[in-house]
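Novice: Supplied in structure tokens, the structure appears directly below.
Laboratory data are not the source of any read-out in this text; all were calculated from the coordinates shown. This one's a predicted model, so the numbers in the text were calculated from it and none came from an experiment. When we count neighbours, we look across all protein chains shown, and the Cβ atoms used for this are built from the backbone with ideal geometry, even at glycine.
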Amino acid sequence: MMQFPYNSAQILTDEVFLIYGGQTGTSSAAQRQVAYLLAEEQLTEHLSSFLLPTVITGSARQERSKFYTLEFGHVQNVYLASLTTVINTNPYTTKVYTGTAVITDPQYGYINIYSPACYGVFQNATVVYESGLATGTYTNPAVLTALTIAAQINLNELDVSLSNESTSDIGVQQFSNQSYSEMRAKMGKNAFGNSAASQRAARLVNKYRSKPAIGFN
């Protein structure tokens, strides 16, 4: 679990939100900023990639030999990679080796780490790298529409004038009203929720996913 590093929206603005069909209702500017930030965090979680290029320090999982998988995909640069090994258990002693990283698959966050001969039992790999979508991608209509849908779901919870019978983004499967009723297809669950709107947001950007979603603290 990694902390989301932003405390304000980086892409969504009132102008973008309205262009892509967002409804502001009687919400305040502060409420909309909360909704925009939550939407960007949710999309980052769904894609397992930051939207804007973001430099982070994270761990890498060793798959085999020199092959490692980073927590986030769409890797643009790797600035530092180090390997930690345990060389003694009594007393407990570790040694850190600085290595050179080569990106083998940027979208999925695969890298190779080359370092001087390491002694001891491998413990972990720490990597400083940059993850993010290309400029033309994070501003394209699919991404902005998905962000707008996610922000609208969040804003509906904050502004009573925008709420309806299915609050908290509930996926309504069965509906009945006087003489009319219907049974809808079962919906899945993703980082945006489990409603039809959340499913549409996910479908718009699934092509940019790096791996199964991670979570944030």
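Novice: Can you sort Leu18, Leu162, Leu83 by how many other beta carbons sit within 10 Å, fewest first?
Specialist: Leu18, Leu162, Leu83
Novice: Another one. Farthest toward the dipole's positive end in the stretch 5-115, which of Ile11, Gln76, Gln62, given Cβ charges of +1 (Lys, Arg) and -1 (Asp, Glu) about the Cα centre?
Specialist: Going by the Cα projections, it comes out as Gln62.
Novice: Order of Glu15, Glu41, Glu157 from fewest to most other C-beta atoms within 10 Å?
Specialist: Sorted ascending by nearby Cβ count, the order is Glu15, Glu157, Glu41.
Novice: Which entry is the computed Cα Rg over 2.2 N^0.38 Å for this structure: (i) 1.03; (ii) 1.26; (iii) 1.46?
Specialist: Step by step, Cα Rg over 2.2 N^0.38 Å for this structure corresponds to label (ii).
Novice: Where in the stretch 93-110 does the label zone of Lys66 land, with the point 7 angstrom along Cα→C-beta and an amide N cut-off under 20 Å?
Specialist: 96-110
Novice: At 222 nm, what value in deg cm²/dmol follows for the chain if DSSP H runs of at least 4 each add -39500 (n - 2.57) and the sum is divided by all its residues, to the nearest 500?
Specialist: So the calculated ellipticity at 222 nm is -8000 deg cm²/dmol.
Novice: If you don't mind, another one. Only Cα pairs within less than 10 Å get springs; with that Gaussian network setup on the chain, which residue of Gln123, Gln62, Gln23 has the largest fluctuation?
Specialist: Among Gln123, Gln62, Gln23, the largest GNM mean-square fluctuation belongs to Gln123.
Novice: Under unit Cβ charges (Lys, Arg +1; Asp, Glu -1), what dipole magnitude, rounded to 20 debye, does the chain have relative to its Cα centre?
Specialist: It comes to approximately 760 debye.
Novice: Please compute the length gained on full extension between Gln76 and Arg203, using 0.36 nm multiplied by the number of residues separating them and subtracting their Cα-Cα distance.
Specialist: That pair, Gln76 and Arg203, stretches by 43.3 nm at full extension.
Novice: Sort Tyr36, Tyr92, Tyr138 so that the residue with the fewest other Cβ atoms within 10 Å of its own Cβ comes first and the one with the most comes last.
Specialist: Listed from fewest to most nearby Cβ atoms, that is Tyr92, Tyr138, Tyr36.
Novice: A further question follows. Each residue of the stretch 96-104 in turn: what ³J(HN,Hα) in whole Hz from Karplus with 6.51, -1.76, 1.60 and θ = phi - 60°, glycine and Pro shown as x?
Specialist: With the stated coefficients, the stretch 96-104 comes to 9, 10, 8, x, 10, 9, 10, 6, 9 Hz.
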